[in-house]
Amino acid sequence: MTRPTPDPRRAYPYHHPTPTRWADNDVYGHVNNVTYYAYFDTAVNAYLAARGALDVQAGAVIGLVVETGCAFFAPAAFPERLGVGVRVAHLGRSSVRYELAVFREGEEAACAQGHFVHVYVDRETRRPVELPGVLRAALEGLRV
């Protein structure tokens with residue numbers, strides 16, 4: 001398997017400010033690997049909610065994560081201020097592949113980058129559905 005190289009900031013059309021929290025550090029003194037997935041989820045959902053494309057309480061359509069992964073290049077730690085870059089690599093009928101990268105303040109290369117795939121489903125039946133227009137429009141703004 002070929003190891004990926006860190007992407008530059010400019011490769012991501014949206015950046016979500018993400019300050020680290022005291023609880024993000026692990027016993028080794030850096031942000032724990034699982035915390036990066038929470039950063040990813042927060043950045044995507046904040047972007048969608050700000051554009052009226054996500055209603056977590058009552059929306060008829062919800063996104064379920066079906067795949068995820070992350071590569072780490074450099075540590076981050078509390079009290080650093082980070083930013084999470086977001087882009088859409090694939091936009092399907094009912095699914096989206098998000099690619100994300102975590103950047104330390106003042107640095108151009110990602111300290112971690114990953115991906116996850118959402119399949120959008122009906123909230124009640126949990127069956128895949130076509131992406132609603134407002135969601136598709138918001139995601140088009142992230143497409144690379």
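Read-outs throughout are calculated quantities, based only on the coordinates presented, and are distinct from any laboratory measurement. Worth saying up front: this structure is predicted, and the values here are computed from it rather than measured. In this analysis, Cβ positions are derived from the backbone assuming ideal geometry, glycine residues included, and neighbour counts consider all displayed protein chains.
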Under the 7 Å Cα-to-Cβ spin-label approximation, Ala137 and Arg3 lie apart by a distance in nanometres of 4.5 nm
Debye calc, one equal point scatterer per Cα of the range 53-144, no solvent, log10 I(q)/I(0) at q = 0.14, 0.18 1/Å comes to -0.59, -0.85
If R0 = 25 Å, then Arg93 and Asn45, at their Cβ-Cβ distance, give a FRET efficiency to the nearest 0.05 of 0.75
Once both label points are put 7 Å beyond Cα along the C-beta direction, the Arg126-Gln57 separation in nm becomes 2.5 nm
The size of the Cβ-based charge dipole (Lys, Arg +1; Asp, Glu -1) of the chain about the Cα centre, to the nearest 20 debye, is 320 debye
